[in-house]
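Trainee: Below are the structure tokens for one structure; questions will follow.
The values are calculated or read from the model by the stated rules, or taken from the named source; none is laboratory data. From a predicted model like this one, the values you see are computed outputs, not experimental measurements. Quick reminder, even Gly has a Cβ in these numbers, built from the backbone with ideal geometry, and neighbours come from all protein chains shown. Heads up: the accessible areas ignore ligands, DNA and RNA and are worked out on the full protein's heavy atoms, side chains in. Shrake-Rupley method; radii C 1.70, N 1.55, O 1.52, S 1.80 Å.
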Amino acid sequence: MTYLKSNYLFEQLSPENLYQHVPHPLLIADHLMTPDNLGALIRLADNIGANEVCFLGKEEDHRLGKVRRAAASSRDNIRWYFSEETDLRKIIPAGKKIVAIETADNATCIYETQLPQDVAFIVGSESQGLSENLLGQCDMVVYIPVPGPTRSLNVSHAAAVALFEWQRQMLQR
């Protein structure tokens with residue numbers, strides 16, 4: 001077996017053809033504190049083909065140089081911005097279903113839940129998760145089962161699991 005550059009492999013496979021059949025997802029993050037997490041979400045959104053990332057909170061609360069470094073080349077490939085808006089329907093285009101990735105009493109297992117084609121995923125802050133106000137605005141809430149002793153995922157890891165599970169489901173339809 002020989003190593004193959006990812007650009008070559010994906011050029012041959014054309015995974016972007018997914019978007020001939022389904023809309024691009026949107027990613028929203030609520031009041032993140034760590035620049036590395038913001039950058040990782042920008043990179044992840046670029047990887048999955050999302051149109052944009054919206055960070056809820058104030059831009060001036062972040063060290064944007066560190067965010068840009070963590071995002072690497074993705075920082076220029078995808079629209080990302082900050083918003084202090086608390087009404088998600090004012091941020092998210094009409095028709096998109098809002099799916100929270102969160103542990104909550106009404107959450108369903110992501111692997112047992114049919115995710116919507118036209119989706120906006122929202123993740124909570126590193127320490128507080130999603131507020132009840134934001135959870136109440138979501139169309140569905142999914143959790144990711146974590147079998148190890150540390151029962152919480154890093155926010156960028158949780159978003160990656162959700163986005164690639166969404167992609168897997170869309171490719172099977």
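Trainee: Under 16 Å between alpha carbons, and skipping anything fewer than 8 positions from LYS97 in its own chain: which lysines qualify?
Mentor: The qualifying lysines are none; the list is empty.
Trainee: What does the net charge come to around GLY65 if you take all other residues with beta carbon closer than 15 Å to its beta carbon, with K and R at +1 and D and E at -1?
Mentor: For residues surrounding GLY65, the net value is 0.
Trainee: Could you compute the net charge surrounding PRO35? Neighbours are other residues with a C-beta less than 11 Å from the C-beta of PRO35; K and R count +1, D and E count -1.
Mentor: +2
Trainee: A further question on this structure: Pop the C-beta distance of HIS24 and CYS109 into the FRET formula with R0 = 25 Å and round what comes out to the nearest 0.05.
Mentor: Taking R0 as 25 Å, the efficiency between HIS24 and CYS109 is 0.50.
Trainee: Within a Cβ distance under 12 Å of ILE144, other residues only, what is the Lys/Arg minus Asp/Glu net charge? Intermediate results must be reported in sequence, preceding the final value.
Mentor: On the way: positive: ARG151; negative: GLU102, GLU112, GLU165.
Local net charge: -2.
Trainee: Heavy-atom accessible area per residue, the stretch 1-57, 1.4 Å probe: how many Å²?
Mentor: Solvent-accessible surface per residue comes out at 56 Å².
Trainee: Oh, and also: Give LYS5/LYS96; LYS58/LYS96; LYS5/LYS90 a once-over and call out the pairs whose C-alpha atoms are over 32 Å from each other.
Mentor: Result: LYS5/LYS96; LYS5/LYS90 exceed 32 Å.
Trainee: If you don't mind, another one. Dividing the alpha-carbon radius of gyration of the chain by 2.2 N^0.38 Å (N being the number of residues), what value is obtained?
Mentor: Scaled against compact globular proteins, the figure is 1.02.
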